[in-house]
Amino acid sequence: MQIKKHPLTSPAIGTNREVVSFHYGEASMGKKIYIQAALHADEAPGLLVAHYLRAQFAQLESEQKLNCEVVLVPVANPIGLAQWLDHTHIGRFELSTAENFNRHYPDIADAVANLIADKLNDDAAHNQRVIREAMRTALHQLTPKTELASLRHTLFTLAADANIMLDLHCDAEAKLHLYTGSPLWPMVEPLARYTGAVATLLETTSGDNPFDEACSRTWWLMQQKFADKPIPLGGVSVTVELRGSADVSHANAIKDAQAIVNYLTHQGYINLPAPPLPQLVAEATPLAGSEAIESPVSGVVSFLRELGETIKVGEAVVDITNPITGETTVLSATTEGILYARENRRFAHAGMRLCKIAGNVPFRTGKLLSA
Ligand SMILES: [Zn+2]
C-alpha cells in the first residue's frame with residue numbers, strides 16, 4: 001500500500017490543504033478501482049465505510065487477492081470538512097463561491113475526441129487504452145486556478161481512468177440508493193443487489209456535470225461520436241447514497257464495505273469466489289421520473305409515510321401545519337414509486353423540497369439534481 005498526498009492550491013497565505021489517497025494492488029495490472037467518500041463533506045456515512053474498506057483492501061493486498069489497483073480517498077473534501085458556520089457544518093457548498101462540491105467538473109469530451117480521432121482502430125481494448133490516455137492528457141492540460149478547482153481537478157485526475165468509480169454520499173433521511181449513467185445499469189445492477197438499494201436513478205445528463213457523470217460520460221459520448229469504432233463503456237461510475245446523514249453506525253459501515261467488496265469480487269477485480277447475488281430490491285428508474293414533493297407553503301412538516309414504502313398516485317405523503325392559521329396543507333404524490341429520501345428538517349419554507357419518490361415514467365426536464 002502506498003499513501004500519496006496531493007496538495008491543493010493555497011487559497012490564502014498560511015492555508016494549505018491536501019487530499020490523501022491510499023493505493024493498493026498494482027497499477028501495472030491495467031485495471032483500476034477508485035472509491036472516494038464525503039465529497040459533500042457533511043455526509044459522514046461514507047467516511048466510516050472508507051475506514052472499513054482500508055482494512056479490507058489492506059488484507060486483500062497482503063493475501064495477493066487484488067486483480068487491480070485500488071485507489072481509496074477516505075476524505076474527499078478537506079475544504080468542506082473545515083467549513084462550520086453558526087455551529088452548523090456546511091459541507092455541500094463551498095462557502096466562498098456557494099458552488100456545490102459535486103457539480104461543475106470539467107467537460108473533457110471534446111479534448112479527448114480531438115486527441116483520439118486518428119488513433120482509434122478496430123480493437124476495443126486498444127481503443128480503451130487510447131481513450132484512458134487521452135483523458136489523462138486532457139486533464140493534465142488543465143490548470144486549476146482556485147482551491148475548489150484544484151480539489152475537483154485532483155479528484156477527477158485520480159478517478160478518470162478507473163474501470164469502476166464509487167462516490168460515497170448520503171441524503172438527509174433515506175434508504176440506500178444509487179445514481180448512475182443509464183447505459184451503465186447492466187454493470188451496476190449487481191451493486192444494487194449487494195447493497196440492497198431500494199432505488200437506482202438513471203440518467204445520462206443530470207445537469208451541471210456531477211462527479212460520477214464526469215467520470216463516465218466521455219465513454220458513451222465517444223461511442224456516439226465514433227460510431228464505426230468498437231468503444232467499450234470503460235468507466236462505470238456510481239454515486240452511492242448511504243442512507244441518511246445520521247445513519248452512521250459500525251454495523252452499517254461494515255455491511256456496506258462488505259457489499260462493495262462483494263461487488264468488486266463479482267466483477268472480477270478480487271480473486272475470490274463471488275458471494276451469491278441477493279435479490280434485486282427494485283428495478284432502476286429514470287432520474288427524470290423521480291418526483292420531488294415541494295411545499296407550496298411554510299409550516300411544520302409531518303411525514304405521513306415511511307421511507308421504503310411504495311406510494312401510489314394521489315396518496316398523501318406529508319402535511320404542513322401553520323400554527324397561526326390552524327391550516328394543514330396535505331401534499332400527495334403525483335407519481336407511483338418508492339419513497340426513497342426525505343428532508344431531515346421539520347420546518348419548511350415555501351418551495352422547499354421535502355421528499356423524493358422513484359417513479360418509472362420520465363416527466364422532468366432540465367437540471368434533474370437538487371441544488
Ligand atoms: Zn452528497
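No value in this document is a laboratory result; all are computed from the given coordinates. Keep in mind that this is a model prediction, so the values were computed, not measured. Quick reminder, even Gly has a Cβ in these numbers, built from the backbone with ideal geometry, and neighbours come from all protein chains shown.
Within the listed set A138, A282, A227, the residue fluctuating most in the Gaussian network model of the chain (springs between alpha-carbon atoms under 10 angstrom) is A227.
For segment 233-311, GluC sites (Glu not before Pro) meeting the loop criterion (DSSP other than H, G, I, E, B) and having at most 13 other Cβ atoms within 10 Å: E283, E306.
Across segment 171-210, the volume of the C-alpha convex hull divided among the residues equals 70 Å³ per residue.
The helix-only estimate of mean residue ellipticity at 222 nm for the chain, built from DSSP H runs of length n ≥ 4 each weighted as -39500 (n - 2.57), is -9000 deg cm²/dmol after division by the residue total.
Annotation note: trypsin sites (Lys or Arg not before Pro) in segment 124-216 located in DSSP loop regions with a Cβ neighbour count of at most 15 within 10 Å are K145.
Take the Kirkwood radius over Cα pairs of segment 56-138, plug it into Stokes-Einstein at 25 °C and 0.890 mPa s, and you get 145 µm²/s for translational diffusion. Exposure proxy ranking for E213, E99, based on other Cβ atoms within 10 angstrom of each Cβ and starting from the fewest, stands as E99, E213. In the chain, Rg over Rh equals 0.98, where Rg is the alpha-carbon radius of gyration and Rh the Kirkwood radius from pairwise Cα distances.
Pull out a ≥ b ≥ c, the square roots of the eigenvalues of the alpha-carbon gyration tensor of segment 1-158, then state rounded if a/c is under 1.5, prolate if not and a/b is larger than b/c, and oblate in the remaining case. Note, shape of segment 1-158 comes out oblate.
Taking the number of Cβ atoms within 10 Å of each Cβ as an exposure proxy, the fewest-first ranking of I33, I260, I324 is I324, I260, I33.
Helix 211-225 and the long axis of the chain differ in direction by around 60°, with both axes built from C-alpha atoms. Taking amide H as placed 1.01 Å from N in the peptide plane, the amide H of R243 sits under 5 Å from that of D171, L176, H177, each at least 5 places away or on another chain.
Taking the number of Cβ atoms within 10 Å of each Cβ as an exposure proxy, the fewest-first ranking of T329, T334 is T334, T329.
When the alpha-carbon atoms of segment 221-371 are used, the pair Rg, Dmax equals 20.0, 66 angstrom. All other residues whose Cβ lies under 12 angstrom from that of Q223 are scored, Lys and Arg at +1 and Asp and Glu at -1, for a net of +2.
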